[in-house]
Structures are given as C-alpha cells and as structure tokens.
Amino acid sequence: MAIEISRRKFLQGSVALSVIGGTSVGVSPLFSEEKEEQGELSITTKTGTGKAKLVPTLCEMCVNKCAAIARVENGIVTKLDPNPMFPKSKNMLCPRGNAGIQALYDPDRLKYPMIRVGEKGEGKFKRVTWDEAYNAILNGTDKFPGMAKILDEEQDNRSSFLFCAGEGMAEHTFKTFYSAFGSSNWLNHASICLQTVSSAYNLTLGAYPGADLENATYVIMAGANRAEAIVTPDTMTLFKNTKGRGTKLVCIDPRFTNTAAKADKWLPINPGTDLAFVLALTYVVLKEELYNKEYVEANFNDFEIYKNHIISHGYTPEWASKITAIPAKEIYTIAREFMQHAPKAIYYPGRRSTFAANDFQLRRAMAIFQALGGGIDTKGGLVFGKKLELGTHEGLAPLYFQAASRAVQEVDRGEGKPRYDDCAIVTESGSWLAWRDRFLENRMPYKVRGMFVYKHNPMLNMPNTKKTAQMMKKMELTVVIDTMPSDTVMYADVVLPECTYLERTDPVNTFPGVEPSIAQRNKVIEPMYESKPLIEILRGLTQKISKPLFEITKKYDMDVQDMISKIANSAADTNTTEDANATIASAPKSEEDIFAEFDISLPFKESQEKINEHMVHELYGEEGVKALKEHGVFYPNMKQFFKQVSANEFQYYPESEKAYSVNNGAPKTESGKVECNLAFLAEKGIDPMPTWKNDFAFVVPKGKFRMLTGRHAQYTQSSTANNSMLHDLMPSNYVWINKRVADEMNIEFGDEVEVSSPTGKVTIKAYPTEQIAPNVVFFIHGFGSQSEELTWAYKNGGNDNAVITDKVEPIYGAAAMHETNVEIRKV
Amino acid sequence: MANYGMALDYKNCINCKACEVACKEENGVELGAEKHRIWVGGNEPDGIWPLLNIASAAFMPSQCQHCENAPCEEVCPTHATYYDDNGVVRVDADKCILCSYCMNACPYDARYVDSRTMTVDKCNFCSETRLARGETTTACQNTCPTKVRIFGDLDDPNSEISVLLRTREHFTLKTHLGTKPKLFYML
Amino acid sequence: MEQTVKKFSIKEIKEFIASIPYNKITIKDILSFEKTKENKILAGVIALLLGLFIMGVLMYLLHGHHAYNVTREHPWGLLIAVYIFFVVSSTGLCIVGSLGDVFGFKDYMLISKRAIFGSIVTILSGFAVIAFEIGHPVTMLIYNIVSPGLRSAIWWMGTLYGLYLTFMIIEFMFLLKNDMKNARTFGLIGLLVGLAAHSNLGGVFGFLNARTISNGVFYPTYFILTAFITGIFIAFIMMGFRYKLNFTKEVQVMLSNLAKIQGLLISILIFFVTWKMLTDIYGGMENRSGVAIHILGSWTFWAEVILAMLIPIYIILKSKGDDTKKLFYASLGGMVGIFFMRYNLVHDTQLKPLQMMKTEQYQLAPQWVHYFPSAAEIMISLGGLGICLALYYVGTKLFNLDSDTHH
Ligand SMILES: Nc1nc2c(c(=O)[nH]1)N[C@H]1C(S)=C(S)[C@@H](COP(=O)(O)OP(=O)(O)OC[C@H]3O[C@@H](n4cnc5c(=O)[nH]c(N)nc54)[C@H](O)[C@@H]3O)O[C@H]1N2
Ligand SMILES: Nc1nc2c(c(=O)[nH]1)N[C@H]1C(S)=C(S)[C@@H](COP(=O)(O)OP(=O)(O)OC[C@H]3O[C@@H](n4cnc5c(=O)[nH]c(N)nc54)[C@H](O)[C@@H]3O)O[C@H]1N2
Ligand code: SF4
Ligand code: SF4
Ligand code: SF4
Ligand code: SF4
Ligand code: SF4
Ligand SMILES: [Mo]
C-alpha cells in the first residue's frame, strides 16, 4: 500500500512524539508540534491492493450518522466507504463523511490533557497527565478553583455546575454524567437548532415526523435546503425524482440555493414571513374546500374554529403576497396543486428552525396545513415510522438534597418536575440564550460557577459571540471535552481530549423511520496520542471525584446525614426485635452502602462494547450482537430482506414491510387528533392558533440588509472548518450580496467588506450574486474561528454570530437568528 | 478485457463534491484546488433576482471522458498515455516526460500535474485501486448521495450501463471534436 | 555494395574532426576583447544573463515546477515560447545560410558560415531552455526511442530537431574545411529536416482541435514564413556587430538584397495575419472569434505587429531596402517583436478555458486564462539569451566565421 510521503512523515512524527513527549512540557505550542508548514499540508491517502481490515462504523462528521466501512491498512485508515446496509444512509457518504480521515489525522488535534496556565481565553496551556487533569478539576490550581472548593462553598448545590453538549452518539453518556452529578442546568443544541419545529409538530401532530419523499409527488420545501444541508435519507431520495421526474419540488427560500437549482419552481420569500404564506395557502384550501374532508372529519380537533379563524382574519393570497413578496397567483396555484397531489404531498417540516420570532406558530401552521390534505402517517406523506427498541443500561440518578432546581419560578404541572419558566414560556429543556443572559446579569437564584462542555462549541454557535466570551470568562471552572482546539477550548481551564469517532465504540443507537434499524459505531483504530473515548474519560474522572464529593455531600446533605445517623443508631442498638431487624436490613449497614448510591462512577464501569452487547442481546440475542459487529447495522429479518438491486440501489425492507403507516393515519397526539387550537397556550398568553402579527413583518431600513445564515454541503457548522480536504473544496465563506447592489456600492467579487450590527462586526470577502434579494445578505455558518491553534480555520472567513443579535424567540426561548439588520461597508 | 464507460444521471447531482473527496482519498490525489481528477461545474443562474432561470443552473459532474479517439493519447511522444486492456485511458508515470502536450490537447481539461511524481495524472476509473482489487464500482460512483454514476462494461450487452444506454436518451460532451467520449450524460 | 556504402571508422572520424580548422584559444583569449565601453557593457550583460540562468535553474531544482507559474489551464508558459523563439531563429538562420551554400546564390555566400553557426548556437540555446521545461528530459531521451509516439507532432518535432542539429554541425564542419560539396549535401538535408521539424512545431499547435484558435494548417506554414523573416533580422544583427555598422560594399549589397526579400516576406506575413484575424473573427465560430477579439485587445499582440512588422516594413519601403543601418536597429526591435510573436502564439492557444463553469462555490466563472511568467521562468529565459550570445561570442573567437576568400 502506498501512503503519501507527507502522511508517513506525519505519522512517524507522532510516534516519535509519544516517546519523547513526556519530557517536552512547555507552555504554548502543545497543540501541534508536528504541524506541517502552513500551505504545504497535503495529506491524502491512497488505498492499496494488499491486505486490509474493513471495519463497519458510523460517521460523526455531522448529525446524520451515516454508515461507513473503514479500510485500515497497516494500522492506517486509508478510506471511508459507504456501508450499503444502513437504510438511513442508503450507501452514501457525503463530502464531509469522506473527509473524516482528515479529522482523524488532523495535526492540530487535541492530543493530551491540558490545564490553563495563562489568562482565561488566552489559550495558554500546560500539558499534564490524565491524573493531573482530574486532580485539577477536583482541586483547582493557582489559576482556578477546583470543583471541591466550589461545591463546598455552594454547600453541595450540584446545580452550581452547568452541563452542555452538542449532538452526538455519546451525548447520552455525557447526560448520564450530568444526571449522576445531580445538576439541573443542562443545555444542548436544541434551542439554537430545532426546538420550535420539533415542539410545534409534537404539540400539533404528536410527533416530529419524517417525510416519505420517495413516494411523495409534490413537495414544498420552505426554509430547508436539503441539497446543501444534508439530512438522510431525505437528501438522497428527493433529488432523484425532481426536475419533471415524478416529484414536483417547490422551493421557497430567500436565496437561490442548490435546492432551488434542483427544484421545479423557486420562489424567493421575504425572510420571516413564511407564516403569512402558509396561512394564505390554508385560506385557499379552506375557502375553496379543497381539503380532505373525510380526513378532517375523523382526525381534527376544533377544525371549525380554525377555519373560522383563518377566513375571518382574511388571510388571503392577496394579503399574503404583500407581506411575503410571493405573487398571489402562485399561492393559489401551490395550494391547489398541493391538495390535488395530497395525501402524497408534503409541506416539508425542516430541521433548523431558529429563524424568527414566529417560528413556533409557523411550524404549527405548516403541520395543520399538511394534515388538511390527509398526508399524515401515510405513504407519500409525513410519516411517524417505527422504532426498534433497545435493551436497558442502568443509569444513576442520586437525589441531592441541596441541588437547586434550574427554575427561578417553579410551575408544577403535576409531575413534580421543576420548570424553567422565566424566559421561555413552554420549554423545560432550556434556552441557551436566556440562560446566558441570566447568568451574566446575575439573575440566577444561586451561583453557577463551573461548566462542563462536551462536543459543543458555544463560542461560535451562539448568536452574539461577545456575550458568550463574557460568559466563558465569568465561569470559574470550565472543563471542555473536545477533539479539536476549538474557540471554546481556548476558554477552558481543563481540556480533556476525546478521541475521534473512528477511534471509539459509541453507544448503540436505534434509528426510527419507514425502514427502522439499529446501528453501532465500532472502533476502527486505537485512540491516537493520549486521547480517550468519553466513557473512559468519565470513568477516570468520576473515580477521582466521587469520594471527595461525597464528603462534601455528607457535610451539607440532610438526607445523607440522616442515613448516616441511622447507621450510628443501629450500631448502638444491638439488641433488636424482629421488626427492627427488618428495618435494619433495608437501611444502610455502613457508610460504604450510602456512598454506593452516590458513587457516580458506576455507570461508566463497564466498557462501551459490553454495554452495547448487553443492550442488544436483551432483545435481539446473539444475532443482533453479531450483526452489529460484522455489519454495523441490524434489524429483524435483515438477512432475508436486504438485497442489492443494482450497482447503486439496495432493498432494505420489501415494500409490504415498510412502516409507512403505524397509527392508521391518525396523528399521535394524546387526543389522537390534529390540534388546531391549543387552549393551554392561551392560558400562558400564547396564541392558541397560528396568527399573524404585524410586528412579524419584514422591515429593513434603507441601506441596511437582513442577515441570514445557514449550511453548505461541504461544512458542518463550526466543526469541520479546519478540515484540510474540505478547506480545499471551499477555502472560505463569503458574504452573499445582491450583484446590482454591490455594483452600486462599488463592491466586487472578493473585496473585503465589513458587516456590522449593534452586536458586533466582522470583515469578510464579498460574493456579489443575483441569487439573493437586494436587501438580504447571507453567511455560510461556521467560519471565522479565533483559535490560533487551528491552522486552516484561524481567522478564516467571517463568524456570523459575531454580528447576529441574540434575539430570543419568546415561546421556547430558541434563538431567532434571522432578525438582525446589518450594515455593509467596503474596507 | 472490458471496455469501460460511465453513464451519468447528471440531473441528480446536487453539487456536493463527495465524489471529488472520495476520489482523492481512494487514489491518493494531492490536495490543491487544481489537482482534481473529477469536478462538478456550476453556473450563476441567468436572469435578475427574483426572475432567475432555474434551468440555467444545472450542475455538470465531469471527469476524464476516456475518449475512444483520445487526443491526449495521440499527442503523447512517449506513449506514456495509453489505452489499457479495459479501454481505460491511462498514464504510465514512468514514461511521462511532462511535456504537457496532452494537457493542451485534452478538450475536457481532464489532466493535471501531480507534483510529487512530476507527471501528468487524471481519472483512471480507479484502475490502480478499486479495479485492481476486483471491485466493480469506482469511488466516485460508490459514494455519491444521489447516485449520479453508473460504471460498467460497454462491450457487455447485458451490463447495467449497456442497458441504460440502449433505453435512455443521452449525449456526450464536445461530440463534434470526434473524440468519442465514453462518459454519457443521461437525459 | 561494399564500395558504395562507406563505413566510417572511429579513427577516420577522429581524423576528420582533427582536421577542422579552428583557432587555439585559451580562457584568457576569451576574456580579452577590445575594452570599449560598449563591449564592456555587453560583456557585463552576458555575464549577468548567465548568472540569471544559474539562479533560475537553482530555483527550478529547489522547487520543481512550483517555481513556474504554469497551471492546469495554462500548462505551457514562457519557456516554451522562448524555446520556440530559439528554434525558429535557428531555422531562419539555416534558411539564410542555405541561400549561399545550398542554393548557390553567390552574394549570400559571405554570411553562410556565420548563419549556420548561428543556427547551431540558437538551437542549442533553445534546448538548454526546454531542458528545464520538460519535466524529465532523461526519460525523454530513453522513451523517445523505446516507445516512440509516431502520431505525436511533438515527437517528430523533437526528433527532427535532434537530427537537424546533427546535420547543421556536420555542414558547419565542412564549411570550416571549405568542403563546399559535402557542405551543400548536408546543408540541403539539414535544411529539409529543419523545415520538416519546424512545420511539425507548427503542427504541435495545428493538431490541437481542442484549441480552435490554433487548430488547422495556418501555423505550420506561418512558422516557415516567420522563420525566414527571423533569419533575416538576425542576419542584420550579426553583420551589424561584425562590421560595427561600417559595411563593406559586398556586405552592403547583400544586406540590401536581404532587405528586399524581407520586405516581401513581411508583406506576406501582414497579409497572412490580417486574413487569419478576419477568418477568426468573421468565420462564424463563436469560441474562436471571441478569442481573436480578445487577442486584438492585448498589448503583446500590438507589440508583435508594430515591432516585427510595421516598423521594419516602413523602413524597408521608405529606403527601398538601402538604409541598412536603420534596418540594423529595426532588426533589433524586430527580434523583440518576434519574441512577442512566439509568446502570443503559446499564450493565445491557451487563452480560452476548456472548462467554463465554476468548480468552486466562491469563484468567478472562468473567462480567460491568465498567465504571467514567474521569476524563475524569466531568469531561465533571459539566461537562454545569455547562453546564445556567449556561445556566439566564443564561436567568433574559435572559428573564422567570415567567408573565405576563394570565391
Ligand atoms: N449563526 C448560526 N449559528 C448556528 C447555526 C447557524 O446556522 N447559524 N446553526 C445552529 C445549529 S442548527 C446547530 S445544531 C448548532 C451546532 O452547534 P454545536 O453543537 O456547537 O456544533 P459544532 O459546530 O459541530 O461543534 C461541535 C464541537 O464538537 C467538537 N467535536 C467534533 N467531534 C467530536 C467528538 O467526537 N468528540 C468531542 N468531544 N468533540 C467533538 C468539534 O471540534 C466542535 O468544537 O449551531 C447553531 N448555531
Ligand atoms: N452539509 C451540512 N448538512 C447539515 C449540517 C451541516 O452543518 N452541514 N447540519 C445539520 C443540522 S445540525 C441541521 S439543524 C440541518 C439544518 O438544515 P436546514 O434547516 O435545511 O438548513 P439551513 O441552512 O440552516 O437553513 C435552510 C434555508 O433556509 C433559508 N431561509 C432563511 N430564512 C428563511 C425564511 O425566512 N424563509 C424561508 N422559507 N427560508 C429561509 C436559508 O436561506 C437556507 O437556505 O442541517 C443538517 N445537515
Ligand atoms: S451526512 Fe455526511 S457528514 Fe453527516 S453523517 Fe452522513 S456522511 Fe457523515
Ligand atoms: S457526489 Fe454525486 S451529487 Fe455530489 S457532486 Fe458528485 S456527482 Fe454530484
Ligand atoms: S478526456 Fe482528455 S484526458 Fe481523457 S481521454 Fe479524452 S482527451 Fe484524454
Ligand atoms: S505530459 Fe506525459 S503523458 Fe502528457 S503527452 Fe507528455 S509525456 Fe505524454
Ligand atoms: S473513476 Fe475513480 S479515478 Fe476516476 S474520478 Fe472517479 S474516483 Fe476518481
Ligand atoms: Mo442543527
């Protein structure tokens, strides 16, 4: 096999380093000793014809988790190929999935545990051993306080630590740590990603459904960009059928995206006005009685009220066309065509829904509109699909007497759970932006002083970067678990290097859908450098901190003190009755017994492989365990069902076995009906039915631009910006600006411009194009990193979140990222 | 012995460039924007916002056409460029003197210089890697999310590609030059 | 048969070479020249050019082709243009030299030896330059023979130029020995091989059907014509230096005759170029006309036209070819024009991108291929000129390049 020269050099370098590394403790250049000369980085692999090990695994370059087969030659991963056996990813790897090798062999990777020696955010670290790192977390250094000190001072209030995580297969493992630790402060990507869409569909249809694009003949895709924002299997399915080949695709997007290029019709819309568009579609359908009467009759709650609401408000296409800039004629046509094709017509739900303040109501209106055609839980419509259950793995959730709830104001909805109510009206999972504000403005009812971050980069992914930096600075102890020296890592006190997804087995997972399956990420090669998988990191950490933390708990936790006193009592009381004997049997015999309940290392004791085996074996026996090891994928009858149909196509389930309909076409709400009118929302002062408000209107003062953000097929948010292969495909992001406007402003392709808002400013190169409206600009998200340790990403392109204002969507506290007007100036 | 060709369902292409990355990792193609064996062309759509012409924004995936009458082969002074037994147009790096004549002669911009060997390189239908291992798909075909490519033996009347070419309309690029390309674009 | 095919033994060849008359000189002789200001400057310039050559070659050896600005879209750069410049000069000098010793025009006899020597020197310089453009010159020597690409114009061009050089050297040796019969034989073969090589060089471009601007019969014929023109320019330059512009009567007569031929040739060239442009632009081939119009807008094209065509023809017409002094200067300018002619030929062929779509998200769709030579390319090219001048100078010391008195 042939390995490219520079690769070989690099690997030799890394081997040499792990030998001599122990003595080379320095201050700054810990990240990338063998970083190749800038601009000369040219690592590619070439596969050989000799012996190779093929390992089925799952991609984690983005949220989709496509199945891959890694080719390993002489211990080096030389190729990632698609694994055809996984129904969700259908024999494909996208550019990022293919470039996973570059993530594995990125010379900038985090290699060793580190602790901060410089100022916060300065990025000066010292290499330490794992044990020293754990010690620093527990006991602190002269630069930062340890966990023991903080918890002692906060009298064992476990909520004085925040836990936050990005999406990932091991997110669950991290959440287990969070539960065991006993904090109530959990934040993840939801409120900057899909909170409103998933909640709206959940409340309206009882689930956030999938879309059967394979069989739909009409699709409206508004505010989603499947050609570039890749979601499996939607991306692969849809574009084989568009362009007059069976599925008519209507793309509604302020930009002419690749999805627009692949659509049969593209209509640009004023940002943030989709609600008016959907209301007008609904109006036409109701007024002209085009809806599926049978379906509505059987499956709607409060249909008449909703109908009346829509008609009486006069949500006509003519009304909507003024708000949306979509011609009324088009709205009539689309509404009629949609219903002609229904139930095989889909108003695509979308994924990221952090656009505007009305996101929640928009998604409700979309769900109801979809249901009017009857395209629910049916072939060619929105589908709930089936989920294959997995066995159980015991977690641990000790109750800490002193742990404060996250809420300022507790609202008990019967389950006794505390609610987080002051910033977002409905959610219980938490609003990142509102939390950050509360923390910065000292509006927390108690002090939050420490923070654990897993696979998450809030520095780049939350609107208003300046505020995030302030938050990170204010946090007294920050532990970040990452693979790369991200911008967030730069603010850490302790950095724990996780190995990449190719170096670990992750929790087995189930993937529901029309063709459900279970899939597992298998370790491809041993972790490089001193990196470890999360479960091992947490095993080490919890073994270190469990006992000392218990000592603090003992000091402040009245329940625990109670229990301990019981041991004392029982020890004193040796002469006992039978009755008393029984009590003593269930009461702890010793302090060790009590500690067992608080030993938070328990969930991480076993290896991930063991845990997975157990979870699968419980329900699917040896067959399932074996299939997941050999193929990475399992579902009942796989051997019988899975067939290659042609060079490119595979059958996963025979048509008759596909789970198009699992609920007889009814929604999955508690009432079993489509919820048009949610009374409980009204109680909270929220419109119970989707309603247009004048302040939703799209207003951009003259000379300013509305700023939009989004995806590109070759990048994943902020996490692939340093991937040399992807960097090669698209070296940077540019700001999209209308060509004619740019001409007037004397801005040419590639000119540096300054984009500014009251929140901040960035400079970025200009891309004048007719593919965007004259008063709108667009950034591909994920660029403009400020971490000097990232060779390619450092100061490359513009960080959109430095400019985007942290406006909060009021109902779920999600971010409203497309509500910022910016100014542009040539520099 | 085969006569390999490729059919492209090019309307499926979403311009993601997974094919380009797969090709680079499979075949050890250098990094660097101009070092690609495979590419996807796109256009700014014609027209003025909001009246843009969707049809003008098609994506054109492409690579070496493995011309049956290949100008690159004709002009090569040392036979470094040759047809192999499978009808694949290949470059023998040992014979290439880097005169670059073939780069000028190829009407499709399919060739580039590999700066490690300082010889000309191009798509070879993965002949050194996948085909050499007995696999039957190319890296670019295999990874493509929307399954744009079908690779196969044109001489085998029962191959998937032969059947497709008999049953679906298709065209080739710069046909008038007489190069007889073996990359077929399906309508 | 035995008698007719004469076999040369090594000994005979050695004897033959030993009998070639030359001046025994030492390095000191080479460094000793009349120390006029002009000569000193000239010597300095040549030394500088040779220095540049060494630097350029070092840069190439250190960085390989990265030292050049050639790209995927523009694989042929300045070095190819300079190579063509030299080999066309060589062919031109060969034609001029042949006027006397091959075709027997007595008047031109007095430049034959000098021109033939010039043709050797220029082609050697061309080879010196191309050796650093071809990625693997040694591989070339091997595989040109082991697996010759007989359908390749570049193979024929290279091979024929190799033969041509051999014949030119043999011819020159006979000229030195005053063996006019053999000189004529080898001169004729050399000339024919040279013309074949040269039209193949045109064919290198003419065969490119991917490049509509160059494709067709135009370049092979145009190359012969412009070679002759180049030869005459250089003849003026060589004689101008030889006689320091104080021409003897004989020389004056020859030069003004050459000037008249030059007038005719340049007129034909202008006619050629005009029609090429007209057919390019109005020939109804969209791609080709676009390129032609683009060429009309480039200054290098006008440098070629003004320096190599308009100024010389104006002077020739005005003085009926008699103002040889002015023509000496016009020829110097003419050679600059000819350089641009070669550069334009190479560059214009590659002007139009073969792939006109955007292959990156942020990029302007390719319109025209841009190229500007790198420092290394420029140094090696200027170095080629240095080599040429130096070799010629050494030649003037080593051999008697003036015509012998016998005629
Ligand atoms: N302006 C703007 N902001 C946005 C968005 C937008 O479109 N525009 N999109 C929003 C959306 S939809 C989302 S989902 C969020 C995403 O925001 P994040 O969840 O922060 O996602 P990423 O940007 O992918 O960053 C993930 C981090 O995990 C690290 N990482 C990658 N792999 C591993 C691993 O295996 N282990 C560990 N420990 N770390 C790993 C990466 O190095 C990186 O630092 O951003 C949101 N923010
Ligand atoms: N390649 C790639 N794929 C990914 C990801 C990635 O980072 N890279 N991330 C994954 C994740 S975490 C997510 S959440 C999804 C996101 O997937 P999507 O939500 O589909 O993607 P976005 O690019 O965030 O936004 C979609 C489109 O909405 C448009 N838009 C903006 N404002 C409006 C509006 O007011 N109305 C309408 N109709 N359109 C509007 C934008 O121009 C953009 O084209 O993608 C997933 N897939
Ligand atoms: S879509 Fe691409 S990056 Fe995401 S999991 Fe699949 S292959 Fe990996
Ligand atoms: S992988 Fe397929 S869809 Fe993506 S760019 Fe290549 S051909 Fe197009
Ligand atoms: S496309 Fe170009 S490189 Fe490929 S065979 Fe044809 S001429 Fe040769
Ligand atoms: S560059 Fe190499 S392959 Fe191309 S023509 Fe020259 S010798 Fe042949
Ligand atoms: S066939 Fe193989 S070599 Fe050719 S472009 Fe596709 S992946 Fe690359
Ligand atoms: Mo997301």
Flag if A:PRO113 is in contact (Cβ under 8 Å) with a residue 12 or more places away in the chain and away from chain B (no Cβ under 14 Å): yes
Selected residue (only one of B:VAL88, B:VAL120, B:VAL40 is within 16 Å of ligand 2 (Cβ to nearest atom), β-branched (Val, Ile, Thr), modelled with pLDDT of 95 or more and closer than 21 Å to B:ASN27 by Cα): B:VAL40
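I'm checking my understanding of the structure. Among residues of the range A:177-197 that are among the small types (Gly, Ala, Ser) and over 17 Å from the mean Cα position of the chain (by Cα), which one is farthest from ligand 2 (Cβ to nearest atom)?
It comes out as A:GLY182.
Looking at B:ALA105, B:ALA110, can you tell me which residue is among the small types (Gly, Ala, Ser), over 22 Å from B:GLY28 (Cα atoms) and surrounded by 22 or more Cβ atoms within 10 Å (Cβ to Cβ)?
So the residue among B:ALA105, B:ALA110 that is among the small types (Gly, Ala, Ser), over 22 Å from B:GLY28 (Cα atoms) and surrounded by 22 or more Cβ atoms within 10 Å (Cβ to Cβ) is B:ALA105.
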Residue among A:THR129, A:THR141, A:THR57 that alone is within 30 Å of A:GLU214 (Cα to Cα), at pLDDT 90 or above and more than 14 Å from chain B (Cβ to nearest Cβ): A:THR57
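Okay, residues lined up against (1) exposed (fewer than 14 other Cβ atoms within 10 Å of the Cβ); (2) closer than 19 Å to C:GLY92 by Cα:
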site: C:PHE241; (1), (2): no, yes
site: C:LYS244; (1), (2): yes, no
site: C:LYS249; (1), (2): yes, no
site: C:THR274; (1), (2): yes, no
site: C:MET285; (1), (2): no, no
site: C:PHE301; (1), (2): no, no
site: C:GLU304; (1), (2): no, yes
site: C:LEU307; (1), (2): no, yes
site: C:ASP323; (1), (2): no, no
Residue in the range C:65-74 that is closer than 20 Å to C:SER381 by Cα and touching a strand residue (DSSP E or B) at 6+ places or on another chain (Cβ under 7 Å) present: yes
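Can you list the helices (runs of 4 or more DSSP H) found entirely within the range A:299-415 that contain at least 2 residues being hydroxyl-bearing (Ser, Thr, Tyr) and out of contact with any Asp or Glu (no Cβ under 6 Å at 6 or more places or on another chain)?
A:303-313, A:317-324, A:328-341
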Test: A:VAL741 is of a type in the set (A, V, I, L, M) and over 21 Å from A:ALA802 (Cα atoms): yes
Cβ-Cβ under 7 Å pairs, at least 6 apart or on other chains, the range B:132-148 side touching a residue at least 12 places away in the same chain (Cβ under 8 Å), far side among the hydroxyl-bearing types (Ser, Thr, Tyr) and surrounded by 14 or more Cβ atoms within 10 Å (Cβ to Cβ): B:PRO145/A:THR235; B:VAL148/B:TYR10
Number of the condition not met by A:PHE779 [criteria: (1) aromatic (Phe, Trp, Tyr); (2) more than 10 Å from chain C (Cβ to nearest Cβ); (3) over 30 Å from A:GLY123 (Cα atoms)]: (3)
Residues of the range A:258-272 that turn out to be more than 10 Å from chain B (Cβ to nearest Cβ) and under 11 Å from A:ARG226 (Cβ atoms), as a count: 0
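On the given criteria, is A:LEU496 closer than 11 Å to A:LEU534 by Cα and more than 6 Å from ligand 1 (Cβ to nearest atom)?
Values: closer than 11 Å to A:LEU534 by Cα: yes; more than 6 Å from ligand 1 (Cβ to nearest atom): yes.
Criteria met by A:LEU496.
Go through A:ALA99, A:ALA67 for me and flag whichever is under 25 Å from B:ALA33 (Cβ atoms), hydrophobic (A, V, I, L, M, F, W, C), surrounded by 19 or more Cβ atoms within 10 Å (Cβ to Cβ) and modelled with pLDDT of 95 or more. Outline the logic, then answer.
Working: A:ALA67 fails: under 25 Å from B:ALA33 (Cβ atoms).
Residue meeting the stated conditions: A:ALA99.
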Which numbered condition B:CYS67 fails, given (1) within 14 Å of the chain's Cα centre (by Cα); (2) within 16 Å of ligand 3 (Cβ to nearest atom): (2)
Scan of the range C:56-86 for residues that are surrounded by fewer than 18 Cβ atoms within 10 Å (Cβ to Cβ) and either among the aliphatic types (A, V, I, L, M) or over 15 Å from C:PHE372 (Cβ atoms) (or both), ordered by number: C:LEU58, C:LEU61, C:LEU62, C:HIS63, C:GLY64, C:HIS66
Subset of the range A:699-714 (residues that are within 14 Å of another protein chain (Cβ to nearest Cβ) and outside any strand (DSSP E or B)): A:ARG711, A:ALA713, A:GLN714
Filter result for C:GLN361 (part of a loop (DSSP other than H, G, I, E, B) and in contact (Cβ under 8 Å) with a residue 12 or more places away in the chain): no
Of the criteria (1) under 23 Å from C:ASN23 (Cβ atoms); (2) crowded, with 24+ Cβ neighbours inside 10 Å; (3) more than 21 Å from the chain's Cα centre (by Cα), which one C:LEU208 fails: (1)
Residues being farther than 28 Å from A:TRP266 by Cα and either among the hydroxyl-bearing types (Ser, Thr, Tyr) or assigned to a strand (DSSP E or B) (or both) - total across the range A:170-198: 11
Residue ranges of strands (runs of 3 or more DSSP E) in the range B:106-183 with at least 1 members within 14 Å of ligand 7 (Cβ to nearest atom) and within 14 Å of chain C (Cβ to nearest Cβ): B:112-114, B:119-121
Every residue from the range B:3-35 that is modelled with pLDDT of 95 or more, more than 7 Å from chain A (Cβ to nearest Cβ) and not in a helix (DSSP H, G or I): B:ASN3, B:TYR4, B:GLY5, B:MET6, B:ALA7, B:LEU8, B:ASP9, B:CYS13
Test: B:LEU98 is within 15 Å of ligand 7 (Cβ to nearest atom) and of a type outside the set (Val, Ile, Thr): no
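Would you be able to say whether some residue in the range C:147-155 is within 14 Å of chain B (Cβ to nearest Cβ), of a type in the set (Phe, Trp, Tyr) and either out of contact with any His (no Cβ under 8 Å at 6 or more places or on another chain) or under 30 Å from C:ALA376 (Cβ atoms) (or both)?
Yes; the residues of the range C:147-155 include at least one that is within 14 Å of chain B (Cβ to nearest Cβ), of a type in the set (Phe, Trp, Tyr) and either out of contact with any His (no Cβ under 8 Å at 6 or more places or on another chain) or under 30 Å from C:ALA376 (Cβ atoms) (or both).
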Filter result for A:ALA136 (more than 16 Å from ligand 5 (Cβ to nearest atom), surrounded by 23 or more Cβ atoms within 10 Å (Cβ to Cβ) and away from every other protein chain (no Cβ under 14 Å)): yes
Residues of the range A:199-218 satisfying the condition of being within 23 Å of A:HIS781 (Cβ to Cβ) and part of a helix (DSSP H, G or I): A:SER199, A:ALA200
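The values are calculated or read from the model by the stated rules, or taken from the named source; none is laboratory data. Keep in mind it's a predicted model, so treat the numbers as computed, not measured. So basically every Cβ, Gly included, is an ideal-geometry build from the backbone, and we count neighbours across all protein chains shown.
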